[in-house]
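Undergrad: Structure in structure tokens, see below.
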Amino acid sequence: MKKITALSITTAVALTMFQPTNVFAAPVSYNPGVTVGKNTNTSWVAEHIATFVFEDTDARDAVQVDLVGGFQFYDPATVSTYKGMGDNSHIPMYTPFEYKDGMFVAGNNEALTMTETQDERFELTLPLPDNQYYYRFDITYSDGTKVEGVQDPTNPSIKNLDSDVGWSTFYVGNGNTKGQEYIYPRTDEKKGTYSFVNYTAVDHTSQPLGIYVPYNYDSSKTYKTIYVSHGGGGNEVEWMTIGSIPNIMDNLIAKEEIAEAIVVTMDNTYFAWNYDKIALNVTDHIVPYIESHYNVSNKSADRAFCGLSMGSMTTNSLAARIPEFFDYFGSFSGGNADLNPDNYNADALKSVTYYLTAGCIDMAYNNDAGISSIDYMKLLDSLGVKYSFDLKNGAHDWFVWRDSFTTFAKDYLWDIEKTATTPDTDEAEVEKDVVADKEHEIVKTADLNQFFMAMTLCALSLGGIIYIKKSKLTD
């Protein structure tokens, strides 16, 4: 596993503090696991620190433990020469010790070596800005063997039978990082629940679903539904845990920024990404199961489908095959292997709301494989299909995907339906229209500024026109 290298003298000194030595350093007072606290070291910019403690219990003698996870940072001003799937070693990557305000985090899963403070007790403290992070350990033993990908035994990931995310996760702060404001668990009672169930799939096997149900679910009400796919190697657990969908939905619903909706996650891996089978399974098995077990609408106008990476390609494949089944599609970090315009129902696609995203250093954004976000947008342009596109600060990782789902749900899906008493005067109606027009102008300008800023930072050409389609922000 490649180690993060020091990128400055300051960081070189900081990292040296955490290298193994022959003399044990004084241990911190924390229990095994991860402890988040306030940063008091003025040489570190981040507001918080996270201290990791790992105590090995294996019979073998552990001589080195590396912390692996999403703790790498980039400066937006230095990523303009990103090359998709090419060699990007020329782009500076910064450690948490070098973090400065304005940088964004990316999950490159580089390794940081921990300090052995007592026999087989290893520690490391990192300064970190607000976010939800993931991590695990690589352990090297005195006999030369190495065990990689060990979850924190004090903080294992949530499982559904044999499925989990493969990482331990934790939160830092309470929402000061742009795009991650909605990922934190609520501290009041307005929290929905999620669980896992089994349904009978298209091949007659029993397969899992994750189900998020809003706070105060009422079987006499009719709910919207959002169907969500993981990426390659993923499962139904990911979006419910590391993807923070329950927290995102809880916060959006509590703030009345989306109509109440049930969210359904699935496992598409066992189909080996056969999109014909996935499409049939969704329409004939998953959706009927949900609509027969929960009080949800059976109208396409009340259904949405989205996914990340391979799940993004799944989304785009469903849009090609069954555009009449969902009125909303969200494609995060992916294109489509099928770029033949003859295989798309352009007329049907023109009536859906289509939202696409990628990270500015995302391998799926612009690559030579012909399946990038840019390639897919060129296809949509050729079909005359309108869409919205957001270029996020980030990579091909959960930091981008959580932000993408939040924007999709908040700004493109359903407004909450309110019954309000409106003053019955022409003057009041005129005033309401003026306010709405001003809000429209403000948001529209902000959207354009954000778009052109992202485009400037990443200096990548989309090769087509970007449209705004049915966004709640611009309706």
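One line per residue, one yes/no per condition, for (1) out of contact with any Cys (no Cβ under 7 Å at 6 or more places or on another chain); (2) touching a residue at least 60 places away in the same chain (Cβ under 8 Å):
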| position | (1), (2) |
| --- | --- |
| T40 | yes, no |
| S43 | yes, no |
| A59 | yes, no |
| A62 | yes, yes |
| V65 | yes, yes |
| V68 | yes, yes |
| Q72 | yes, yes |
| S80 | no, yes |
| I91 | yes, yes |
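Undergrad: Find the residue count for region 244-272, including only residues that are surrounded by fewer than 17 Cβ atoms within 10 Å (Cβ to Cβ) and more than 21 Å from F405 (Cα to Cα).
TA: The number of residues fulfilling the criteria is 2.
Undergrad: For region 320-352, what are the residues that are buried (at least 18 other Cβ atoms within 10 Å of the Cβ) and not in a loop (DSSP other than H, G, I, E, B)?
TA: Residues satisfying the conditions are A320, R321, Y328, F329, G330, S331, F332, L349.
Undergrad: Could I ask something else about it? Among the residues that make up region 143-157, is at least one of them assigned to a strand (DSSP E or B), at positive phi and not assigned by TED's automatic domain parsing to the domain that holds T269? Even if it seems obvious, please write down each step before you answer.
TA: Initially, region 143-157 is screened for residues assigned to a strand (DSSP E or B), giving 146-150.
Of the ones still in play, those that are also at positive phi are 149.
Next cut, not assigned by TED's automatic domain parsing to the domain that holds T269 only: 149.
Within region 143-157 (the criterion being assigned to a strand (DSSP E or B), at positive phi and not assigned by TED's automatic domain parsing to the domain that holds T269), the answer is yes, since at least one residue qualifies.
Undergrad: Would you call H285 out of contact with any Ser or Thr (no Cβ under 9 Å at 6 or more places or on another chain) and surrounded by fewer than 22 Cβ atoms within 10 Å (Cβ to Cβ)?
TA: Details: out of contact with any Ser or Thr (no Cβ under 9 Å at 6 or more places or on another chain): no; surrounded by fewer than 22 Cβ atoms within 10 Å (Cβ to Cβ): yes.
Here the answer is no, as H285 does not meet what is asked.
Undergrad: Here are the criteria: (1) among the small types (G, A, S); (2) on the phi > 0 side of the Ramachandran plot; (3) touching a residue at least 40 places away in the same chain (Cβ under 8 Å). Tell me which single one G330 does not satisfy.
TA: G330 satisfies every listed condition except (2).
Undergrad: If the Cβ limit is 7 Å and pairs must be 6+ apart or interchain, which residue in region 225-254 that is not assigned by TED's automatic domain parsing to the domain that holds W167 pairs with which residue that is assigned to a loop (DSSP other than H, G, I, E, B) and of a type in the set (D, E)?
TA: Within 7 Å, the pairs are N235/D267; E236/D267; V237/D164; I253/E260.
Undergrad: Of all strands (runs of 3 or more DSSP E) completely enclosed by region 200-271, which ones contain at least 2 residues that are under 16 Å from the mean Cα position of the chain (by Cα) and not β-branched (V, I, T)?
TA: Details: elements: 206-213, 224-229, 261-266.
Hits in region 200-271: 224-229.
Undergrad: For region 117-134, which positions are in a strand (DSSP E or B) and either in contact with an Asp or Glu (Cβ under 7 Å, 6 or more places away or on another chain) or modelled with pLDDT under 95 (or both)?
TA: So in region 117-134, the residues in a strand (DSSP E or B) come out as 117-118, 121-128, 131-134.
If the condition is that a residue be in a strand (DSSP E or B) and either in contact with an Asp or Glu (Cβ under 7 Å, 6 or more places away or on another chain) or modelled with pLDDT under 95 (or both), then T117, Q118, R121, F122 are the ones that fit.
The values are calculated or read from the model by the stated rules, or taken from the named source; none is laboratory data. Small disclaimer: the values here were computed from a predicted structure and weren't measured. Glycine also receives a Cβ, built like all others from the backbone with ideal geometry; neighbour counts cover every protein chain displayed.
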